[in-house]
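The values are calculated or read from the model by the stated rules, or taken from the named source; none is laboratory data. Note that this is a predicted model, so its numbers are computed, not measured. When we count neighbours, we look across all protein chains shown, and the Cβ atoms used for this are built from the backbone with ideal geometry, even at glycine. When the accessible area is computed, the model is the full protein with side chains, heavy atoms only, and any ligands, DNA or RNA have been set aside. Shrake-Rupley method; radii C 1.70, N 1.55, O 1.52, S 1.80 Å.
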Amino acid sequence: MEVQLNGAEVFLADYGKGFDPAKPTILFVHGAGMDHSVWPLQARHFAYRGWNALGVDLPGHGRSAGELLGSVPAMADWLDELTQALCAPSVHVVGHSMGALIGLDLAARHRKRIAGLALLGAAPRMPVHPALLEAAARPEPLAPELICDWGFGPAGHFGGHKAPGSWMLGHALRLLRQSAGPRLHADLAASNDYQDGLQAAARVRCPTLVIAGAADRMTPARQGAKLAETIQQARLVSLPACGHMMMVEQPDTTLDDLVAFLGK
């Protein structure tokens, strides 16, 4: 599904049978250096249950055109414009990592159109080590390898993918290697520079789910708990032995938590 926004073509992976404004809508928002392809299991399930389930490619990512956006608030404003272009009366936003920061900022400043918010692998602040930022600016494999090494928990490093023969780190490495350079650097810099996580959390009024990986070394579970404590209507779920990439490390459990939160 393609939408024109600000003169650029935006790609939305529609996991259902066509967008219907009368149906409830979920926007799945990817993290730094990623695209819509991190969401298929969760998005397809909600599409089957009658939702508009749309995997967003942010500008300059995946199959979306447009210039890279340099900050989390700019991405949140862009996502708000996208919801208006869809003519959806309200949306639920499910965001991972940088996508969670985007959803958080969106729900804090554009409350009326956000009916629910799920934050996966989230923290009030996501500082990035200067050496990783420097490495990400180069089209070399070092930054993607470092991110995958830190991002995946035990299952990701020692097999355990639900699909026999599939490799969790391989998919992430492929995406991140394609992004290495200006795109990955811009995303990591935007995440690093975002300072308003707790202030934004205090302004969120919609029901919110925070899913944290107990073995997450990128956004530790204690930081997810801090975020959930600050949001008025937040519920916290901690996934044992799970790292930062819970959508693929524990896809069924992640889906069950989303279904329980969003309802039928």
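Both radii were evaluated on the Cα set of the chain; the Rg over Rh quotient, with Rh as the Kirkwood radius, amounts to 0.93. More than 13 Å apart: what percent of Cα pairs in segment 72-129 qualify? Considering segment 72-129, 56 percent of its Cα-Cα pairs are separated by more than 13 Å.
I'd like the carbon and sulfur percentage of the solvent accessible area for segment 117-244, probe radius 1.4 Å, heavy atoms only, ligands and nucleic acids excluded. It would help to have the intermediate numbers written out before the result.
On the way: 3370 of 5890 Å².
Of the solvent-accessible surface of segment 117-244, carbon and sulfur hold 57 percent.
Where only DSSP H runs of four or more residues are counted, the chain gives -12500 deg cm²/dmol as its mean residue ellipticity at 222 nm, each run worth -39500 (n - 2.57). The antiparallel fraction among DSSP beta bridges confined to the chain stands at about 20%. Using alpha carbon centroids, what distance separates segment 165-223 and segment 79-109, in Å? Cα centroid of segment 165-223 versus Cα centroid of segment 79-109: 15 Å apart. Each Lys and Arg adds +1 at its Cβ and each Asp and Glu adds -1 at its Cβ; summed about the Cα centre, the chain shows a dipole of about 680 debye.
How much accessible area per residue does the chain have, counting only protein heavy atoms and a probe of 1.4 Å, in square angstrom?
Working: 10990 Å² over 264 residues.
Ligands and nucleic acids excluded, the result is 42 Å² per residue.
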